[in-house]
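Below is one structure; the comments refer to it alone.
The values are calculated or read from the model by the stated rules, or taken from the named source; none is laboratory data. Fair warning: this is a prediction, and the values are worked out from it, not measured in the lab. Heads up, the Cβs are rebuilt from the backbone with ideal geometry, glycines too, and the neighbour counts pull from every protein chain shown. To get the accessible areas, we keep the full protein, side chains included, count just its heavy atoms, and leave off ligands, DNA and RNA. Shrake-Rupley method; radii C 1.70, N 1.55, O 1.52, S 1.80 Å.
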Amino acid sequence: MNALPPGSGRATVRKDEDNLWIDIPAKRNWLVTAFLAFWLSGWTVGGVVAIGALLSGTTDALATVFMMFWLSMWAVGWVAAATTLLWLVFGWEHVWVRADGISVMRRVPFWKRTSVFAAEHVARIRVSRQNRRSAREYGMESLLSGKSAGTINFDYGRETRGFGLDLDEPEAAGLIGEIETFMSRRPTRGTT
């Protein structure tokens, strides 16, 4: 019997004496990516046509007001779709664990956001089934803010923070083990 080899997961872990790095590429879904690219192309053409009509000055006042409103909503939709498309194709999460805390960077071309969490306020690192959703399902606001987004969650003061968008639970549990082992080596307060 030829058994399937076990999955290796998406994350890459590197460490030295003082640092633990976890690099997680966005989960690629090429069907959704192709659809979103096609949709974004049509959406872009629609916006360009509307801008052209608005700039031509051939519309009456009511149509101009409607076009301006529609274009503002069009721009919000375009940015959300383009950001999601960039995430699906080029997105990465970089997690850096040190004795003094955890840094989580999410990046796509032309944009990155880093959140830094002090070690003394990080508690209860855990797998979250509730937040095991992808960027497109969770919403771009959560992707950009980092609040509660991801399969790996932890308490930070009175908030829940997270990373590891759309990780499988066994991989997330393994990464939590790596983080907890590494952080347990940090010196406690009052000791030298």
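At a 1.4 Å probe, what is the % contribution of carbon and sulfur to the accessible area of the chain?
Solvent-exposed carbon and sulfur of the chain make up 62 percent of the total.
Peptides 13-21, 167-175: what's the order by average Cβ count within 10 Å, highest mean first?
Numbers: 13-21: 11.9, 167-175: 17.9.
Going by the mean number of other Cβ atoms within 10 Å, highest first, we get 167-175, 13-21.
Using a simple spin-label model with points 7 Å from Cα along the Cα→Cβ vector, what separation in nm is obtained for residue 64 and residue 103?
Going by the 7 Å Cα→Cβ label model, 5.0 nm.
Quick test of the membrane-span-like rule: which DSSP H helices of the chain reach at least 27 Å along their long axis (C-alpha atoms) with mean Kyte hydropathy at least -0.5? Display every interim value, and only then the final one.
On the way: long enough: 30-56 (39 Å, 1.70); 61-90 (42 Å, 1.79).
Those that clear 27 Å and a mean of -0.5 are 30-56, 61-90.
What accessible area per residue, rounded to a whole number of Å², is obtained for the chain using a probe radius of 1.4 Å?
In whole numbers, the chain has 60 Å² accessible per residue.
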